[in-house]
Every structure is written in structure tokens, then in C-alpha cells.
1. Would you pick out the residues in region A:84-115 that are among the β-branched types (Val, Ile, Thr) and touching a residue at least 12 places away in the same chain (Cβ under 8 Å)?
2. Pull up region A:102-118, narrow it to residues that are open to solvent by less than 20 Å² (accessible area, probe 1.4 Å) and modelled with pLDDT of 90 or more, then point me to the one that is farthest from the chain's Cα centre (by Cα).
3. Every residue in region A:119-128 that is open to solvent by less than 60 Å² (accessible area, probe 1.4 Å), of a type in the set (S, T, N, Q) and without any contact (Cβ under 8 Å) to a residue 40 or more places away in the chain, please.
4. Taking the options B:100, B:107, B:57, name whichever one is open to solvent by 30 Å² or more (accessible area, probe 1.4 Å), of a type in the set (Phe, Trp, Tyr) and within 10 Å of chain A (Cβ to nearest Cβ).
5. Taking region A:23-38 as the search range and keeping residues that are aliphatic (A, V, I, L, M) and surrounded by 12 or more Cβ atoms within 10 Å (Cβ to Cβ), which one is nearest to residue A:145 (Cα to Cα)?
6. For region B:70-97, which positions are among the aromatic types (Phe, Trp, Tyr) and within 14 Å of chain A (Cβ to nearest Cβ)?
7. Does residue B:74 meet the test of being open to solvent by 30 Å² or more (accessible area, probe 1.4 Å) and within 23 Å of residue A:72 (Cβ to Cβ)?
8. Wholly within region A:54-150, which helices (runs of 4 or more DSSP H) include no fewer than the required count, namely at least 2 residues that are farther than 23 Å from residue B:100 by Cα and more than 12 Å from every other protein chain (Cβ to nearest Cβ)?
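The values are calculated or read from the model by the stated rules, or taken from the named source; none is laboratory data. Bear in mind that the values here come from a model prediction, so they are computed numbers and not experimental data. Cβ placement follows ideal geometry from the backbone for every residue including glycine, while neighbour counts extend to all protein chains displayed. Heads up: the accessible areas ignore ligands, DNA and RNA and are worked out on the full protein's heavy atoms, side chains in. Shrake-Rupley method; radii C 1.70, N 1.55, O 1.52, S 1.80 Å.
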Amino acid sequence: MTLQIILAAVSIGVVFAGWRVIYKNAQKIATRNESFSLIRDANETLDRLRLEGVALWRMTDKDEINFYTKITTNDIRILRNTITKLNGRNVHIDSKVLTPLRRALTLNNTKVVDQSIEGMSENISAVYKATERFKAVILSSFEKNHPPLP
Amino acid sequence: MKKTVDIGDFSKIPFGRTPEDGKYCAQNFRKKILVPALNEYDEVEVLLDNVEADYEYGSSFLHEAFGGLVQHEKFEVDVLDKKLRIVTSYEDIKAESWDYIHAPDKYQ
């Protein structure tokens, strides 16, 4: 009788431990997926910013500067909010990663119509570099906290 | 004596470098508000966060407003290090503003 009680208790213990492992793994995967979804959103915003940046530095009409500044700074704000959300999920990203991006998109953009071809090329290249760097930083921070699944 | 300058009193959407870019440009902010405050007071605190929700500063504005203190108004960097405090909850904005004070020509 005592043996039966012990066996039942051990079985319950094993089932509970198994359930706990499965629950923890599911929770970990769900957290990883949610964080990765934020990374994917950030990448989409960065791709959009790249297109906006190229359009901005190829602009010939000065009247459009305000429009482009507004949309690029809106997207920078979206990235700032994403960084805040990721930090809240333990994917730590220093907000200073925004600086090269902001510079590439808004530093001297009011002089866009006066730039030389070389200047335009440098500015567009800076947009590409800043967006790629940003993507690398967020992915690396994500992988530190959520190593790739085997 | 200490003076607190709230950029929100100047504009909730400061934009651009020079008056050509609009009335609420960095040059106007620097010349009309920052420079007189720095000349008159021992310590000047600039609050940058009282702007429209979801507003983001452009680098041109930060460069002209803060870098221009050294580049155009001829303030010494070490004087600004002692006198000026840039207050914002966004570390990147603060660091970038100080970059322009310390090396304004690098970003021209």
C-alpha cells in the first residue's frame, strides 16, 4: 500500500516536472518570437528609411524638404519606441545607435539642392551604412539574449 | 545665478538651421534665447523635452543650436562645459548635442 502511494507520488512529480519544462520552453519560445517580431518591424522601418533617405538626398525641389524631414523623423521616432519596447524585454540596445541614422538623414538636409554629385553619393552611402549598422546592432543584442535555436 | 531655458517656450516643433528654413529654426533659438542666457547667467539649463508628442529633433537643428555656440558665437568649449546643462530623457540627443559643441567643424 505504502509502495503504491510512493509510486503514485513519484509519477505525479514526474508529470509535474515534465509539464513545467514544457511550459518554460513554450514561454521562452513565445518571448523569443515576440521580441523577434519587434526586430522584424524595426528592419522594415529601416528599409523604408533607406528608401526615404535615398529619395531625400536625390531631391531637387527644396519645398519637399519639410515633408521628407517629417517622414524620416517620424520613422526615427518609431525606431526609438521599438528600442524602448525591446529594452523592456531585456534586449538591451543603446539609444545612441540612433545618432548615425539621424545624422545621415537630417544633418544639412536643408542644403540638399546645393549638394554636389559627390556629396549626394556620400550622403546616400551614409544612409546605407547607418541602416546596416542599426540592423547589425539590434540583431546582435537580440541574439545575446535569445541565442539561435538549435 | 541659474537660468532654465525651456525649448517648448520657443517652439513645440523646432525645425531647421537658419531663418530660411523657418521662424523656429536653430539659429533663432541660439541667438535670441541661448546666447543672451549664457551671457547673463552663470549656469544655463536647457530643457529639450517639452516639444510636441512624437517630435524628433533633426541633427541640423542640434548642430546649429549647440555647435553654433562655439562655431559662430565664439564661446569657449570649457566655458560651455561648466555653464551649460542639456536636459533630456534621450541620451542620444544629449550626447549628439555635446558632440557638436566639442567638434562643430567635424560635422559641417
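1. Within region A:84-115, A:91, A:93, A:97, A:106, A:110, A:112, A:113 meet the criteria.
2. Across region A:102-118, the extreme among qualifying residues is A:106.
3. Taking region A:119-128 as the starting set, the residues that turn out to be open to solvent by less than 60 Å² (accessible area, probe 1.4 Å) are A:119-120, A:123-127.
Among the residues that remain, those that are also of a type in the set (S, T, N, Q) are: A:123, A:125.
Answer for region A:119-128, where residues must be open to solvent by less than 60 Å² (accessible area, probe 1.4 Å), of a type in the set (S, T, N, Q) and without any contact (Cβ under 8 Å) to a residue 40 or more places away in the chain: just A:125.
4. B:107
5. A:29
6. Scanning region B:70-97 gives a single hit, B:90.
7. no
8. Hits in region A:54-150: A:65-88, A:117-145.
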